[in-house]
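The structure under discussion appears below in the form of structure tokens.
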Amino acid sequence: MTQYREIHAPLRTIMTPGPVEVDPRVLRAMATPILGQFDPEFTRMMNETMDMLRQTFQTTNQWAFPVDGTSRSGLEAVLCSLIEPGDKVLVPIFGRFGHLLTEIAERHGAELHLMECPWGEVFDQQAVIDEVKRVQPKILAIVHGETSTGCMQPLDQIGPACRELGVLTVVDAVASIGGAPVRVDEWQLDAVIGGTQKCISVPSGMAPVTYNERVERILASRKKVERGVALESDRRDVAHPIRSNYFDLSQLQDYWGPRRLNHHTEATSMLYALREGLRILLEEGLEERFERHRLHEKALMAGIRGMGLELFNDKAWKLPVVTCVKIPAGIDGESVRTTLLTQFGIEIASSFGPLHGQIWRIGTMGYSCRKENVLFVLSALEAVLIRHKAPIVIGRGVQEALDVYEHAE
């Protein structure tokens, strides 16, 4: 019989747009002994997690809880719980994850209406509002932080306009939550989905979601409680019940709410992790955390420019937690990434679609967003580019970043 050795994962400096390095305090929390999902101590932790999520999403919504699964599970849960066959859904696409929203909506029977702009740009908010008026969809599904291009879509005008027009806004904030402002109530967003493995610095495996009463009314109209746990008062005819059992937000409400109706076995250790990640985030302070991400972004960008490299997303709409760098002509981008990993233990990312092989993506997210990481990735990237005979300015990258840090101090 084959003998398998104990896990010894190599230490890495992870500077991708997700996953990122996990705060050691979160890893310690994950070693906490398991509790039953309806143990009063555990349900207290569930309630605390909901409260911390409300603060992180900057909302007073009653419903703010994690869906057990990766970030995509949150997107699927919200869209499948809202979309009834034939519903109009408008998706503005400016990168890979707009296509993902399209894919999910399509599979749940939506009548799709799409807007597209070149990867590396975002939409003028008025253009989106005009298209909403023309299409009159039930749902506008849109990405906030697009990691494939390092761009961030403004939403402060789109949300209020959709509210006035009676259109639901569903927002993918997986990449931005915890690293950039996501003002759910101020921007009048109806449902927002986050992720754990990026700026919250928790392992992938949960998808925090929040939604308001407008969404809850639709869930109530489609609610069908699972037969094995339903009471007589739960039994009723529903024209278009939510098709998924696992991703049924109406049933998850009963699981996370006072009723504590059994739905699934909670991912106990992941909840410990999320609770601790949110506790750390709020202990730092939202505005302080956003400022930390902006500082390290500024230092990284200064270092990249100092090397003579060109930034892809140096625009007003840049996502502050992802910096995209154009791969110099004649340089094998994958060879550079491989050398960084094998020689320095540093991981950066490539991209997708039309940008595959054109850019590197460097994440400065959550616990990975630290001065020592930024200086390390700049010095290692310079060394690797020298070995690849790239035409760079030697010796300036780290110095430019240090100038930023010393000025900030």
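If you take all other residues with their beta carbon under 10 Å from the beta carbon of Ile93, and give Lys and Arg +1 and Asp and Glu -1, the sum is -1.
Using the Cβ-Cβ distance between Thr342 and Arg370 with R0 set to 25 Å, the FRET efficiency from 1/(1 + (r/R0)^6) comes to roughly 0.65.
Kirkwood Rh and Cα-based Rg: tell me the resulting Rg over Rh for the chain, rounded to two decimals.
Ratio of gyration radius to Kirkwood radius for the chain: 0.99.
With a simple spin-label model that places each label point 7 Å from the Cα along the Cα-to-Cβ direction, the separation between Leu165 and Ile394 comes to 5.6 nm.
Could you tell me what % of all Cα pairs in segment 204-317 have separations over 25 Å?
Tail of the P(r) past 25 Å holds 51 percent of the pairs.
Seen from Glu76, the other residues with C-beta closer than 14 Å to its C-beta sum to a net charge of -2, counting Lys and Arg as +1 and Asp and Glu as -1. Ignoring lysines fewer than eight residues from Lys326 along the same chain, the ones with Cα atoms less than 24 angstrom from its Cα are Lys198, Lys298, Lys315, Lys318, Lys371, Lys389. Under a Gaussian network description of the chain, with springs only between Cα atoms under 10 Å, the residue in Gly179, Gly395, Gly18 that fluctuates furthest is Gly395. Placing a pseudo-label 7 Å from each Cα along the Cα-to-Cβ vector at Tyr4 and Ala267 gives an inter-label distance of 2.0 nm. In the context of the full protein assembly, Lys223 retains an accessible surface of approximately 40 Å², using a probe radius of 1.4 Å and ignoring ligands and nucleic acids. Highest GNM mean-square fluctuation among Ala207, Ala299, Ala127, for the chain modelled with Cα contacts below 10 Å: Ala127.
On full extension of the chain, what length is gained from Glu186 through Asp403, given 0.36 nm per residue of separation minus the C-alpha to C-alpha distance? All intermediate terms of the calculation are to be shown ahead of the outcome.
Details: separation 217, 0.36 × 217 = 78.12 nm, distance 3.59 nm.
Stretched fully, the Glu186-Asp403 segment lengthens by 74.5 nm.
Compactness ratio for segment 156-259: Cα radius of gyration over 2.2 N^0.38 Å (N = residue count) comes to 1.24.
Quote to one decimal, in nm, the extra length available between Gln157 and Glu291 on full extension: 0.36 nm per residue of separation minus the C-alpha distance between them.
45.9 nm
Here the spin labels are modelled as points 7 Å beyond Cα on the Cα-Cβ line, and at Lys133 and Glu283 they lie 5.0 nm apart. What's the center-to-center distance, using Cα atoms, between segment 353-369 and segment 123-177 in Å? The distance from the Cα centre of segment 353-369 to that of segment 123-177 comes to 23 Å.
Each Cα pair under 8 Å and six or more residues apart adds its separation to the average, and for segment 255-409 the resulting relative contact order is 28 percent. Of the residues Arg107, Arg222, Arg217, the one with the largest accessible area comes first in the ranking Arg107, Arg217, Arg222, computed with a 1.4 Å probe on protein heavy atoms. For segment 53-133, would you read off the P(r) tail past 19 Å as a percentage of all alpha carbon pairs? Value for segment 53-133: 50 percent of Cα pairs lie more than 19 Å apart.
Counting heavy atoms of the protein chains alone, Val229 has an accessible area of about 40 Å² for a 1.4 Å probe. Solvent-accessible area of Leu165, all protein chains in place: 80 Å² (probe radius 1.4 Å, heavy atoms, ligands and nucleic acids excluded). Think of a 1.4 Å ball rolled over the protein heavy atoms: the chain then has 43 Å² of accessible area per residue.
Only Cα pairs under 8 Å and 6+ residues apart enter the sum, and on that basis the relative contact order of the chain stands at 22 percent.
For the residues Arg134, Arg243, Arg163, a GNM of the chain with alpha-carbon springs under 10 Å puts the largest fluctuation on Arg134. Legend: helices of the chain (whole DSSP H runs) are marked when their alpha-carbon atoms reach 20 angstrom or more along the helix axis and their mean Kyte-Doolittle hydropathy is at least 0.5; marked are 371-387. Suppose R0 equals 30 Å; then what is the FRET efficiency for Tyr246 and Glu213 from their Cβ-Cβ distance, rounded to the nearest 0.05? So the FRET efficiency works out to roughly 0.80. Take segment 1-130, drop everything but the C-alpha atoms, weight them equally and run the Debye formula without solvent; then report log10 I(q)/I(0) at 0.13, 0.19, 0.20 Å⁻¹ to two decimals. The computed values of log10 I(q)/I(0) come out as -0.91, -1.25, -1.28. Within the same chain, lysines fewer than 8 places from Lys223 are excluded, and of the rest, those with a Cα less than 28 Å from its Cα are Lys88, Lys138. For the chain, the share of DSSP beta bridges that are antiparallel, to the nearest 5, is 50%.
Kirkwood hydrodynamic radius, computed over distinct alpha-carbon pairs, for segment 286-407: how many Å, to one decimal?
Computed over segment 286-407, the radius equals 14.4 Å.
The values are calculated or read from the model by the stated rules, or taken from the named source; none is laboratory data. Note that the coordinates shown come from a computational prediction; the quantities given were computed from them, not determined experimentally. Quick reminder, even Gly has a Cβ in these numbers, built from the backbone with ideal geometry, and neighbours come from all protein chains shown. Protein only, heavy atoms only, side chains kept; ligands, DNA and RNA dropped before computing areas. Shrake-Rupley method; radii C 1.70, N 1.55, O 1.52, S 1.80 Å.
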